[in-house]
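Colleague: Dropping a structure here in structure tokens format, bear with me for questions.
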Ligand SMILES: *[C@@H]1O[C@H](CO)[C@@H](O)[C@H](O)[C@H]1NC(C)=O
């Protein structure tokens, strides 16, 4: 009789523990940052790495809150089950923005964001716009660089 109580209690503890570990199994992502000396035409990449949580994970990337899909010069690669890499093959003024990686699994999700801001060489690009008689476009596109 005493033995069966022990078995029952052990089974209950196991059951409760499985709940606790499932709860703590939501993904946690490592923070990532873009280089702060990015110039027009450069190549840049950041990695979204899961540091804890229960696989399988689903990765999604957003730019300024919108899903990143087939944008020119931007691609996403699933490096392995715990990592997704965002590659911007040629940084341009349209690359500026707030990039978010979101990782979810059965239990929950985590999100990390980083701001990309292109520096330098704006004058070069701006002169091009002005030559094309588009001073306003230049001012709008590069307002963060002045
Ligand atoms: C970037 O986007 C994330 C997710 O939408 C948001 O929580 C965060 O506040 C944004 N960061 C900035 C600096 O706008």
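The values are calculated or read from the model by the stated rules, or taken from the named source; none is laboratory data. All figures in this text were calculated on a predicted structure; none of them were measured in a lab. Neighbour counts are summed over all protein chains in view; Cβ atoms, including those assigned to glycine, are modelled from backbone coordinates with ideal geometry.
Colleague: Restricting attention to the range 105-116, and to residues there that are within 18 Å of residue 55 (Cα to Cα) and surrounded by fewer than 17 Cβ atoms within 10 Å (Cβ to Cβ), which single residue is nearest to the ligand (Cβ to nearest atom)?
Modeller: Looking at the filtered set, the residue picked out is 111.
Colleague: Considering only the range 27-40, state which residues are farther than 16 Å from residue 114 by Cα and either free of Cβ contacts under 8 Å to residues at least 60 places away in the same chain or buried (at least 16 other Cβ atoms within 10 Å of the Cβ) (or both).
Modeller: Answer for the range 27-40, where residues must be farther than 16 Å from residue 114 by Cα and either free of Cβ contacts under 8 Å to residues at least 60 places away in the same chain or buried (at least 16 other Cβ atoms within 10 Å of the Cβ) (or both): 27, 40.
Colleague: Can you say whether residue 23 is within 30 Å of residue 140 (Cα to Cα) and either at pLDDT below 95 or in contact with a helix residue (DSSP H, G or I) (Cβ under 6 Å, 6 or more places away or on another chain) (or both), as far as the supplied structure shows? If you could, list the steps in order and put the result at the bottom.
Modeller: Details: within 30 Å of residue 140 (Cα to Cα): no; either at pLDDT below 95 or in contact with a helix residue (DSSP H, G or I) (Cβ under 6 Å, 6 or more places away or on another chain) (or both): yes.
No; evaluated as a whole, the condition is false for this residue.
Colleague: I'm trying to understand the selection: among the residues of the range 73-93, which are free of Cβ contacts under 8 Å to residues at least 24 places away in the same chain and not in a strand (DSSP E or B)?
Modeller: 73 - this is the single residue of the range 73-93 that is free of Cβ contacts under 8 Å to residues at least 24 places away in the same chain and not in a strand (DSSP E or B).
Colleague: Sticking with this structure for a sec: Of all the residues that make up the range 26-56, how many are outside any strand (DSSP E or B) and under 15 Å from residue 100 (Cβ atoms)?
Modeller: Looking only at the range 26-56, we keep the residues that are outside any strand (DSSP E or B), and these are 26-27, 30-43, 53-56.
Pick out the ones that are also under 15 Å from residue 100 (Cβ atoms) and you get 27, 30-34.
Qualifying residue count for the region: 6.
Colleague: Further question on the same structure: So residue 101 fits all but one of (1) over 16 Å from residue 27 (Cβ atoms); (2) within 16 Å of the ligand (Cβ to nearest atom); what number is the exception?
Modeller: (1)
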